[in-house]
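Visitor: Structure provided below as structure tokens; questions to follow.
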Amino acid sequence: MLVKLIQIRKQHSGSYGLESIFINPAHIVLLRENQPFKQDLMEGKINLTIDKHVEFTTISLADKNQTKEIVVVGSPSTIEAKLFSKQKQILRG
């Protein structure tokens, strides 16, 4: 099952952009708070209309013999709840 999240990326020009992405929770290795993006937001370096209280999470994804890191909008606990609380259960009747 894929879960929709909002990814934030720093462009080569120095500006930031948001993008909707879908992640397979089975490929997640690590969730951790992303302080550099939070610091950039507090300093006004992020050129998006985002609430100053928002947090960011770095997600490490396993892909064969390598890992890839992405940054998404939301605290680690919020992202964890979104990723793993949507596990559907089969009703037996």
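The values are calculated or read from the model by the stated rules, or taken from the named source; none is laboratory data. Keep in mind that this is a model prediction, so the values were computed, not measured. For accessibility, only protein heavy atoms count, side chains too; no ligands or nucleic acids. Shrake-Rupley method; radii C 1.70, N 1.55, O 1.52, S 1.80 Å.
Visitor: Just to be sure before I move on: is ILE8 in a loop (DSSP other than H, G, I, E, B) and either open to solvent by less than 70 Å² (accessible area, probe 1.4 Å) or modelled with pLDDT of 95 or more (or both) in the structure I sent?
Guide: Here the answer is no, as ILE8 does not meet what is asked.
Visitor: Next up: Among the numbered conditions (1) open to solvent by less than 50 Å² (accessible area, probe 1.4 Å); (2) under 18 Å from LEU18 (Cα atoms); (3) modelled with pLDDT under 90, tell me where VAL54 comes up short.
Guide: So the condition that VAL54 fails would be (3).
Visitor: Checking PRO76 against (1) open to solvent by 30 Å² or more (accessible area, probe 1.4 Å); (2) modelled with pLDDT of 95 or more; (3) on the phi > 0 side of the Ramachandran plot, only one condition comes out false. Which one?
Guide: (3) is the only condition that PRO76 fails.
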